Amino acid sequence: MDAETAELLVSPSGAEAIAAAEAEDDPGSLAAATRLRRSYPPELAAAALTQAALRRRAGRRLGPRASGMVLTPDGLEQATRWDAAAWRAGLVAAAGVTRVIDLCCGLGTDAMAFAAAGLDVVAVERDPATAVLARHNLAGRAEVLTASAEDALPGLAGRPGTAVFCDPARRTSRGRSWDVADLSPPWPFLQSVLAAGEPAVLKLGPGLPARLIPAGAAAVWASVAGDLVECGLWRGLAFDPGAREAVLLPAGDRLRADGSAPAPAGRVPVPGDVLYEPDPAVIRSGAVGVLARELAAAPVADQIAYLLAPASRRTSFATAFAVTEVLPWKESALRRWVAERGIGTLEIKRRGLDVDPAALRGRLRPRGDAAATLILTPTAEGAVCLVVRRLPRTPVHAWHSA
Ligand SMILES: C[S@@+](CC[C@H](N)C(=O)[O-])C[C@H]1O[C@@H](n2cnc3c(N)ncnc32)[C@H](O)[C@@H]1O
């Protein structure tokens, strides 16, 4: 989007056109476009219909506040999920910070969360059109500067009570990227932000290689409802230097890795056992060993993040399954098993085996009214297929720290 279109969309006639587009049942339809063009110039009608479609899409990521925002497809794709933005802002405010410099504010989601947590916010955005939209979205709750982070930071830093936040862009002409070499601002600048005197938080992709985590920074992997969404690098606030933690959102439950590996793989599963699938944030943060001890469980095989225990315990950090049958991992036997039980809805999970669950499901030809969940995994005595029943979540909303 160019800055002119952005200005038009945030103007009173833009707001009116967007409201008319939102009143349409199907903003993507030709009929909607024809109706809007009767009242607005073609460019405004098209931009307003795009906004209506974007706001509908934005609900899951941003919640009800999306309805007042003006968005771009790229900006929405890169916007922080509200649960993560609100959690981070709450921690920053609780650490005694009073002012945040958001160096790459995009459409302004994180900046909105910082402002909602009662912090003074200076937001910086290099792209002029995005900066216009951020100014609109923040509605006076933050100062928005159209500038590059590199140019703006020296003049903004250095006031007491300030923390620096940066959620760099992760796109290249080749599309979305998690390689730090593709970040903007560049990785050396981001490292310098973290190494400077002020408390700082960088939001990076969850695949950040461990060797890139600077000494003295805490690395915190966050998942929202089981989706791994980010790795945050924190320095000078909220987390101990060098800590590795998992945080599960929206509840905010935290589990801290202690550097220990889980106990060696134990026995082969039997019916009546409980198999735990740790949340991806727990796996990425290296906290599987801590979790295994909390659950009195052991990996089902070495290097495999399924934990096996004779009985279930309450946890927020894993999905628990009751093992009801143990079958050999043999496709012909599984096909027979599926047919004999009239299984039409089949969920297949696997770890440590080179199997494509979707392709396998097709080959097992599920037909019928019954449903089943199968877990394929190596064990000390070879690969098996576990027939399991998902147990209800038993969250423990607490802080877990090793
Ligand atoms: C991942 S988005 C930020 C999303 C934002 N945290 C949110 O939740 O809405 C990154 C933004 O940084 C901007 N950007 C990239 N390089 C920049 C730089 N050197 N200085 C300032 N902004 C930059 C991009 O234009 C993009 O809007």
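Only the coordinates and a few stated rules stand behind these numbers; no lab work does. This structure is a prediction, so every number in the text was calculated from the model and none was measured. So basically every Cβ, Gly included, is an ideal-geometry build from the backbone, and we count neighbours across all protein chains shown.
At-a-glance table
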| quantity | calculated |
| --- | --- |
| Listed peptides 309-315, 164-170, 135-141 by packing density, highest first (mean Cβ within 10 Å) | 164-170, 135-141, 309-315 |
| Förster-model FRET efficiency, 30 Å R0, S260 and D356, C-beta, rounded to 0.05 | 0.35 |
| Cα-based equivalent ellipsoid of the range 333-402: semi-axis lengths in Å, sorted from largest, via gyration tensor | 28, 17, 11 |
| ³J(HN,Hα) computed for each position of the range 295-304 - Karplus, 6.51 cos²θ - 1.76 cosθ + 1.60, integer Hz, glycine/proline x | 9, 6, 10, 9, x, 6, 7, 4, 6, 10 |
| Where trypsin sites (Lys or Arg not before Pro) fall in DSSP loop in the range 47-81, at most 13 other Cβ within 10 Å | none |
| Order of L208, L71 under a 10 Å beta carbon neighbour criterion, fewest first | L208, L71 |
| For A265, distant residues with modelled amide H under 5 Å away | D302 |
| The range 274-394, relative contact order in percent, only Cα pairs under 8 angstrom and at least six apart counted | 29 |
| Per-residue Cβ neighbour rank within 10 angstrom, fewest leading, M112, M1, M69 | M1, M69, M112 |
| Euclidean distance of C-alpha centroids, the range 184-199 and the range 14-45, integer Å | 43 |
| Computed log₁₀ I(q)/I(0) - Debye formula, equal Cα scatterers, no solvent, the chain, q 0.08 Å⁻¹ | -0.55 |
| Cleavage-rule hits (trypsin sites (Lys or Arg not before Pro)) in the range 175-278: DSSP loop, at most 14 neighbouring Cβ within 10 angstrom | R267 |
| Using alpha-carbon coordinates, inclination of helix 331-340 to the longest axis of the chain, degrees | 90 |
